[in-house]
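K.L.:
Shown below is the structure under consideration.
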Amino acid sequence: MDRTSPLIVCFRMEFIKNYTIHTLNLKDHQWQTCLAMEENQHVVREFLDTPESCTLVILMHPGGQLSVVDRFPSKSGRARMVHFRKRRPVVLTAENLNNEILLGSMTCSPLEHLHGFLEKVMVPALSNPESRRYWPSLISLDMMQHIQSLRASVSVMLRKVEGRTLLPLPSGLERLDKRYIGAVVDVGLINSIESMVVEWSYHIHDLLKKDSCEVFLEGMCPMPQEELSFWENRCSELESISNQFKSSEVVKIAELLEKIESMYFPRFQKMYLDITAEANDISIHLKPLKPTFDELSNAEITEVKDLIAPLMHEVCLLWASSQYYSTAPRFIVLLRATCNLLIQQAIKQLNSQDILRGDTLENLTQVRTALDYLEHIKMVFEEHRGCLSQYQTGDRQVKPWAFPTKMVFAELDRFVQRLQTVEVRLYDRMRLKKMEFSGVKGRTHTQIAQLLHQDFTETFSVFCEKTSDCLDVSNKDFEVDACCFLQKVENAERSLGAVFEQAFNLASGLEQAFKVLEMFGTLLARPMVACKAREKYPILIRMFSAEMDTCLQLFRERMQLEEQPGYAAVSKNMPAVSGGLKWAQQLQERIHISFNNFRFVSDP
């Protein structure tokens, strides 16, 4: 019968289907949905009908979807799988299907799969004396040592993946019993136990050398809650090891080492004592900080400042009371993580995507509030640094904070610097909105200044519409954009300063000079324009002084005329007295107008 006949195809498909459904615990419709896809059908048929296609893998993903591939995936993620392998490159038929195919399944964790294979297949098989009956004794011993070593390594690695540390037990421990204590014990067993104690010390050393500062070395920005979780997990893990030390098997090992006066017994004792004291001390003293950090994480930006002093008080209590945590490296980690939390709060509240685009006054107020509490923590830190002695209790001396402040606030200072840049840009935008540009239409200077002012406004609008994250200190795009913007602004201001200087020099008198100042208005606040304006203020004062001298001269001349006999003041359509008063009023207004025009002068 031809292998492509419907009966043969159906039989081979049913074989694969039945094994897959039963192994992966599938519903029939899941298999039908899988085969409904043309590419999946093609892979299955290639495996059945093509000699060169020797592997078929069916994966079940966490969502229940099935996928079919012709090789083992390099990364299966959390998918479970079944696999079919040909013994040799042949076409599969109904007759040879059972003999030419190997079946298997694998969990979503290959390590668990390997561990189960060793525990249920390899170790029992090789531990059976009948399996090694015809082996030379040296090969048999070497093989058992290797398989036990592999078993221990896989067990330890599996527990590490799960976040736990497992102390592997030596092989042959079942031969150790209390009745052998004091009697002659197998030398090979003693060597195995002592080797395992050395291996335990390595495992515990690897655990203890892990430090929470490693995340900073990797360029990450951990929160203080992660520091607390690190030590909580460390305490839990060491407690697990301590419980393993209390197990009956390890107790027997300790009794044996003590009885035979093994040189490894003191090492064993020291391990047991060291692994509990440090983690318990740190975990107990860090726990009270958790509610404060949680409150700080959920606080509004206006509430953060009031929480800093109580937090620093608790931090000082931690430094004064904890025996193991009161070291500079560990404390710097906690303080840096606290700074990261404050930075995160600022970023969360300010919303970097809209800070340059939304309501300018509101955003500027929030930025200044954030800057206020970010600077406040440094002040509170220095205050508590100077009064650590008041936290001393009993005979325990409180060590000073001898570490440099820069090591604590490096990230905070960079963020504050970036926030100050944003503050300046927001302030520029607010002043830009309030700028009013006046002047006489059609005049050359007015037209040039208006064009430059318009170009400045457009440049700022383009800068604010940039999509780069302005609060991310690692984002160099914002720095590049800000630098380009400042260059354009300086060029525009420099041109405005030149126009101002030229217009002021062409002014024919004090009144015209004040008109130039009025025309530029709030543009005089721009640094480059203000620099040119300050150069002209002494000239303006001299012009005003000359105007005062002129008014004084007019007043004196009028007084001299009034004193001449027979002089009669003639005023336009006014009697002599009221006409004289009107003249004096006009002279006074001339002085006041010039004096009041100094309101356009912002530089004292």
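K.L.:
Under 7 Å by Cβ, and 6 or more places apart or on different chains, what pairs join a residue from the stretch 70-92 that is at pLDDT below 80 with one that is part of a loop (DSSP other than H, G, I, E, B) and not aliphatic (A, V, I, L, M)?
P.N.:
Cβ pairs passing all conditions: SER76/CYS108; ARG78/PRO62; ARG78/CYS108; ALA79/HIS61; ALA79/CYS108.
K.L.:
Something else: Exactly one condition in (1) of a type outside the set (Phe, Trp, Tyr); (2) part of a loop (DSSP other than H, G, I, E, B); (3) over 19 Å from PHE11 (Cα atoms) is not met by LEU59; state its number.
P.N.:
Unmet condition: (2).
K.L.:
Among the residues of the stretch 93-107, count how many are among the small types (Gly, Ala, Ser) and in contact (Cβ under 8 Å) with a residue 24 or more places away in the chain.
P.N.:
2
K.L.:
Only one of VAL333, VAL315 is in contact with a Ser or Thr (Cβ under 7 Å, 6 or more places away or on another chain) and buried (at least 18 other Cβ atoms within 10 Å of the Cβ); which?
P.N.:
Among VAL333, VAL315, only VAL333 is in contact with a Ser or Thr (Cβ under 7 Å, 6 or more places away or on another chain) and buried (at least 18 other Cβ atoms within 10 Å of the Cβ).
K.L.:
Which ones in the stretch 208-231 are touching a Lys or Arg at 6+ places or on another chain (Cβ under 8 Å) and assigned to a helix (DSSP H, G or I)?
P.N.:
PHE216, GLN225, LEU228
K.L.:
Additional query: Residue check, GLU458 against (1) surrounded by 15 or more Cβ atoms within 10 Å (Cβ to Cβ); (2) within 41 Å of the chain's Cα centre (by Cα); (3) over 29 Å from ARG414 (Cβ atoms), all met but one. Which one?
P.N.:
Here GLU458 clears every test but (1).
K.L.:
Moving to a separate point now. Against the definition (in the same structural domain as GLY104 (by TED's automatic domain parsing) and surrounded by 15 or more Cβ atoms within 10 Å (Cβ to Cβ)), how does MET37 come out, yes or no?
P.N.:
Against the criterion (in the same structural domain as GLY104 (by TED's automatic domain parsing) and surrounded by 15 or more Cβ atoms within 10 Å (Cβ to Cβ)), MET37 does not qualify.
K.L.:
All but one of (1) in contact with a Ser or Thr (Cβ under 7 Å, 6 or more places away or on another chain); (2) assigned to a loop (DSSP other than H, G, I, E, B) hold for ALA402; state the number of the condition that does not hold.
P.N.:
(1)
K.L.:
Mind counting the residues in the stretch 291-333 that are under 16 Å from PHE230 (Cα atoms) and either outside the structural domain of HIS384 (by TED's automatic domain parsing) or in a loop (DSSP other than H, G, I, E, B) (or both)?
P.N.:
Residues meeting the conditions: 2.
K.L.:
Can you work out which of the residues in the stretch 563-574 that are surrounded by 10 or more Cβ atoms within 10 Å (Cβ to Cβ) and of a type outside the set (Ser, Thr, Tyr) is modelled with the lowest pLDDT?
P.N.:
Applying the filter and picking the extreme gives ALA569.
K.L.:
Identify all residues within the stretch 25-34 that are surrounded by 13 or more Cβ atoms within 10 Å (Cβ to Cβ) and either in a loop (DSSP other than H, G, I, E, B) or more than 44 Å from the chain's Cα centre (by Cα) (or both); write none if there are none.
P.N.:
LEU26
K.L.:
Provide a single number: the residues in the stretch 467-488 that are among the acidic types (Asp, Glu) and either touching a strand residue (DSSP E or B) at 6+ places or on another chain (Cβ under 8 Å) or in contact (Cβ under 8 Å) with a residue 60 or more places away in the chain (or both).
P.N.:
2
K.L.:
If I go through the stretch 127-154 residue by residue, how many of them are part of a helix (DSSP H, G or I) and either farther than 22 Å from LEU167 by Cα or of a type outside the set (A, V, I, L, M) (or both)?
P.N.:
Of the residues in that region, 17 qualify.
K.L.:
Tell me whether the stretch 74-86 contains one or more residues that are touching a strand residue (DSSP E or B) at 6+ places or on another chain (Cβ under 8 Å) and assigned to a loop (DSSP other than H, G, I, E, B).
P.N.:
Yes, there is a match, as at least one residue in the stretch 74-86 is touching a strand residue (DSSP E or B) at 6+ places or on another chain (Cβ under 8 Å) and assigned to a loop (DSSP other than H, G, I, E, B).
K.L.:
Look at the stretch 194-232 and say how many of its residues are of a type in the set (A, V, I, L, M), under 15 Å from ARG330 (Cβ atoms) and touching a residue at least 12 places away in the same chain (Cβ under 8 Å).
P.N.:
2
K.L.:
Which one is surrounded by the fewest Cβ atoms within 10 Å (Cβ to Cβ) among residues in the stretch 353-367 that are part of a helix (DSSP H, G or I) and in contact (Cβ under 8 Å) with a residue 60 or more places away in the chain?
P.N.:
LEU361
K.L.:
While we're on this one: Within the stretch 92-108, which residues are surrounded by 16 or more Cβ atoms within 10 Å (Cβ to Cβ), of a type in the set (Ser, Thr, Tyr) and assigned to a strand (DSSP E or B)?
P.N.:
Once the filter is applied, which keeps residues that are surrounded by 16 or more Cβ atoms within 10 Å (Cβ to Cβ), of a type in the set (Ser, Thr, Tyr) and assigned to a strand (DSSP E or B), the stretch 92-108 yields nothing.
The values are calculated or read from the model by the stated rules, or taken from the named source; none is laboratory data. Please read these numbers as outputs of a predicted model, since none were measured by experiment. Neighbour counts are summed over all protein chains in view; Cβ atoms, including those assigned to glycine, are modelled from backbone coordinates with ideal geometry.
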